[in-house]
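Rule-based calculations on the coordinates, nothing more; no lab input. Please read these numbers as outputs of a predicted model, since none were measured by experiment. Reconstructed Cβ throughout: ideal geometry from the backbone, glycine too, with neighbour counts over all protein chains shown.
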Amino acid sequence: MPTGAKLLLEKIRELPLPDKVRIMNVCGGHERSISMAGLRTALPANIELIPGPGCPVCICPEEDIYQAIQIAINEEVVLLAFGDMLRVPVNVPKAAIRTLEQAKAAGADIRPIASPTEAVKIASANPEKTVVFFVAGFETTCAPVAAMLAEGIPDNLLLLMSGRLTWPAVAMLLDSDTPAFDALIAPGHVATIMGSEEWRFVVDQHHIPTAIAGFTTESLLAAIYSVLRQLIEHKIFLDNCYTQVVTAKGNNTARKLLHSTLDIVDAPWRGIGIIPQSGLELTAKFAAHNARYRFPVYADEARKKAGTMPPGCDCAKVVLGKIKPNECRLYGESCVPRNPVGPCMVSDEGACRIWWASGIKNGLPTKSMKVPD
Ligand code: SF4
């Protein structure tokens, strides 16, 4: 395997590539690295890099965000959420409160946090208050939450869980009639926790070239080179291009904590629907800390039907790799980071926001790659 971004790029350019190769990444961090490095412009034009379902804020069900907003407005609580989530709009009339940020401005006690440790600190410092931690995230977010639960949390700390596993979304795409990709770059951070073997099904069951990548240009190019060679040579295998931190079985301690504190359940993904065995919910042992049992269900069945994307927003198609962000007709028009229409323009891991921030306007990518030696 060649090393160095420049050499890898040369090797990729020398490959006898097919007319079109679609490579999906499943991690907002990968998409950010790819876009910010200008990789799309550096690679041969017949290689298409497709952002996939790697943004937890983007796929968080609208009804969960609505529920969090309503709890914050209607109950005597402090509501904690990761910062990105505060700006995600729900589908309500313009005059109504549409985001946690607006609920905060209207007087609700909503506090952005960056880690579960902060949630424990705030709950411990305010024993007279009920503190609700709205947890939306993938394995990388849920593992520290599992550790927090296993250590023991204050009685007054409740969790509104909206945790998700990444691999079932990829399995769903592969089981569909038209998966939008020929090769897969699997997520490095998730594989650090869950192990590279979790992605073996892509190779064994679907014969799709797969490589785990880290977040440097070099690691991403190594993964791209690997899957291209696998395709060309018809030798499909699971490659690990992030051996510095990813092992076959992952982090045993983190996996045990996840299994002992969170159940795997069928779960809705925003704009996509229910994906079997893709959600993480508190086990019965933590029922007393489950915010879903403590408060009324504000998001009724009618709400759940409304819980798709806002009118005109194509986030679901973007998340599934069916269209590129700049193929949404609202991209850069009515939808920009300072005034986002859909969740993909809110989160730092959302493909629309990443593309916009990296200078991709309504046409082709504009950012050119500066290849390090
Ligand atoms: Fe949704 Fe905005 Fe992205 Fe269009 S550009 S898919 S409206 S987030």
Net charge of neighbours whose Cβ lies under 11 Å from the Cβ of Glu31, counting Lys and Arg as +1 and Asp and Glu as -1: +1
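Relative contact order, percent, of the chain when contacts are C-alpha pairs under 8 Å separated by at least 6 residues?
Details: 744 pairs, mean separation 93.2, N = 373.
Dividing the mean separation by the residue count of the chain yields 25 percent.
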task: Calculate the length of the line joining the C-alpha centroid of region 2-30 to that of region 64-103, in whole Å.
output: 41
query: For Gly137, which sequence-distant residues (separation of 5 or more, or a different chain) have an amide H within less than 5 Å of its own amide H, given hydrogens modelled in the peptide plane?
result: Ser162, Gly163, Arg164
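Give the percent of DSSP beta bridges with both residues in the chain that are antiparallel, rounded to the nearest 5.
Numbers: 10 of 44 bridges.
Roughly 25 percent of the beta bridges in the chain run antiparallel, per DSSP.
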- prompt: If one computes the Cα centroid of region 298-331 and of region 138-206, what distance in Å separates the two points?
  reply: 21
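Within 11 Å, Cβ to Cβ, of Val135, how many net charges do the neighbouring residues add up to if Lys/Arg are +1 and Asp/Glu are -1? Let's see the in-between values first.
On the way: positive: Arg164; negative: Asp64, Glu281.
That works out to -1.
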task: Once you have all Cα-Cα distances for the chain, histogram them in 10 Å bins from zero and send the whole-percent values.
output: 5, 24, 32, 24, 11, 3, 0
message: Quick one: the Cα spread of region 315-357 along its three principal axes, in angstroms, biggest first?
response: 25, 20, 15
- prompt: What is the distance, in nm, between label points placed 7 Å from the Cα along the Cα-to-Cβ direction at Arg329 and at Ala114?
  reply: 4.1
- line: Relative contact order in percent for region 113-230 (Cα pairs under 8 Å, 6+ apart) equals 21
query: Which lysines does Lys129 reach when only Cα atoms under 20 Å apart count, and residues fewer than 8 places away in its own chain are ignored?
result: Lys104, Lys121
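Kindly put Arg303, Arg22, Arg353, Arg32 in sequence by how many other C-beta atoms sit within 10 Å of each C-beta, fewest to most. Before the final figure, lay out each step's value.
Numbers: Arg303 18, Arg22 15, Arg353 27, Arg32 22.
So the residues, fewest neighbours to most, are Arg22, Arg303, Arg32, Arg353.
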query: Quick one: Karplus J couplings for region 158-172, per residue in order, coefficients 6.51, -1.76, 1.60, θ = phi - 60°, nearest Hz, x for Gly and Pro?
result: 10, 10, 9, 7, 9, x, 9, 9, 7, 4, x, 5, 5, 4, 4
field: 3J(HN,Hα) from dihedral phi, region 244-257, Karplus parametrisation 6.51/-1.76/1.60, rounded to Hz, x for glycine, proline
entry: 4, 10, 9, 10, 4, 9, x, 8, 4, 5, 5, 5, 4, 5
- prompt: What list of ³J(HN,Hα) values in whole Hz, one per residue of region 131-148 in order, does the Karplus curve 6.51 cos²θ - 1.76 cosθ + 1.60 (θ = phi - 60°) give from phi, with Gly and Pro shown as x?
  reply: 10, 10, 9, 8, 9, 10, x, 8, 4, 5, 7, 6, 4, x, 5, 4, 5, 4
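Among residues other than Gly214 whose Cβ falls under 15 Å from its Cβ, what is the net charge (Lys/Arg +1, Asp/Glu -1)? Numbers along the way, then the final one.
Details: positive: Arg32; negative: Glu31, Glu218, Asp239.
Here the count lands on -2.
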- request: For helix 116-125, report the angle its Cα long axis makes with the longest principal axis of the Cα atoms of the chain; keep it between 0 and 90° and round to the nearest 10°.
  value: 20
message: If packing is taken as the average number of other Cβ atoms within 10 Å across a peptide's residues, how do 167-180, 8-21, 33-46 rank, most packed first?
response: 33-46, 167-180, 8-21
